[in-house]
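This report refers to the structure that appears directly beneath it.
The values are calculated or read from the model by the stated rules, or taken from the named source; none is laboratory data. Small disclaimer: the values here were computed from a predicted structure and weren't measured. Every residue, glycine among them, receives a Cβ derived from its backbone with ideal geometry; neighbour counts consider all protein chains shown. Heavy atoms of the whole protein, side chains included, go into the accessibility calculation; ligands, DNA and RNA do not. Shrake-Rupley method; radii C 1.70, N 1.55, O 1.52, S 1.80 Å.
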Amino acid sequence: MAVALLGSISFSSSMPSISSPSLQHPFNFNKNKPLIVAAMSDDPVREWILSEGKATKIKGISPIGGGCINRATRYDTDAGSFFVKTNRSIGPSMFEGEALGLNAMYETGSIRVPKPYKVGSLPTGGSYIIMEFIEFGASRGNQSALGRKLAEMHKAAKSEKGFGFHVDNTIGSTPQINTWMSDWVEFFAEHRLGYQLKMAREQYGDPIIYERGQRLARNLGPLFKNVVIEPCLLHGDLWSGNMTYDKNGEPVILDPACYYGHNEAEFGMSWCAGFGGDFYKAYFEVMPEQPGFEERRDLYMLYHYLNHYNLFGSGYRSSAMSIIDDYLRMLNV
């Protein structure tokens, strides 16, 4: 989104949790055990850093520029630096979904992502997430390396449950429904396009985009003729603000909205991602391009245009409407 829950991680307040992670082995999930409620601390971020974070002294705390949804802060300590995001109005479920996604990507050993350590509630309301601090280098780097490593992640992480994710999460601040489904076309029609279209109707009273969008959602099948679709782990919100490079020039991806889906859906934010020819060439060397790729590109962009319409208003409606109408003409429905 162009602005910027289960495991061995403890939660504050009334949010469910599992016991706290160590720095070496966070998120050792056991989904069958009861969830534990952690006690509230006056400063849970500081408390974690000075205990499980293995620090004895916090040397400095400095704000970091970022998106408009969360506040980002760097904590420098005698045990290294930590990256902390806080949100004063949204509970831990949003960061819980982010942490699960980060951990899933981290475990593939492919593209670099910050390792998540801790999620919890703030005593004054809201929530926080503590993660590895990565020192960034150039904002633009090797597009071939980015394409190759992203493809390696898609190739390495597949789900036997089908399409979806362990929990619902958020795309920006919009809920993203990830209930498992065995059929990708049905999943995308219902949980991606359908959900956003219903939001637009309820929020703006927009029956035209709803009716035409639902007509498209019911007729997506021909766009996937002769396509093999596997449930690959997706970052889910890959735009230029969520991609960077570390000080060694290795690509880093951040702020995910993860789920298991068609790998091509990863390019849905390409309209503000800056993917070039070198990126796609390297990507398709690992994950070969499938028939009809170009015809489906706008379909996956539509989801994100609808989300921007719902988040930021009518400036994005015309782009979404244009894509819908083009597909209705193409499919003759």
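Annotations for the structure displayed:
- Were the residues from Cys272 through Glu295 laid out at 0.36 nm apart, the gain over their Cα-Cα distance would be 6.4 nm.
- Panel note: the C-alpha atoms of the stretch 200-279, placed on their principal axes, show extents of 50, 36, 24 Å (largest first).
- Ranking Phe279, Gly313, Tyr260 by how far each Cα lies toward the positive end of the dipole of the stretch 202-315 (charges on Cβ) leaves Gly313 at the top.
- One chain, two ends: Val227 and Arg88. Fully extended at 0.36 nm per residue, the span grows by 45.6 nm beyond their Cα-Cα distance.
- Heavy-atom surface of the chain, accessible at 1.4 Å and reported per residue (Å²): 43 Å²
- Binning the C-alpha pair distances of the stretch 238-298 at 10 Å intervals from 0 yields a P(r) profile of 18, 53, 27, 3 %, listed from the shortest bin outward.
- A crude spin-label estimate for the pair Asp76 and Asn332, with each label 7 Å from Cα along the Cβ direction, gives 6.7 nm.
- Estimated FRET transfer efficiency when R0 is 35 angstrom, pair Thr174-Thr108 (beta carbons, to 0.05): 0.85
- Calculated [θ] (222 nm, deg cm²/dmol) that DSSP helices of n ≥ 4 give over the chain, each run adding -39,500 (n - 2.57): -9500 deg cm²/dmol
- Proximal lysine pairs, the stretch 65-215, alpha carbons under 23 Å, eight or more residues apart or interchain: 6
- Reachable aspartates and glutamates from Lys247, criterion Cα separation under 16 angstrom, eight or more residues apart if same chain: Glu132, Glu135
- Cα-derived Rg to Rh of the chain, Kirkwood definition: 0.97
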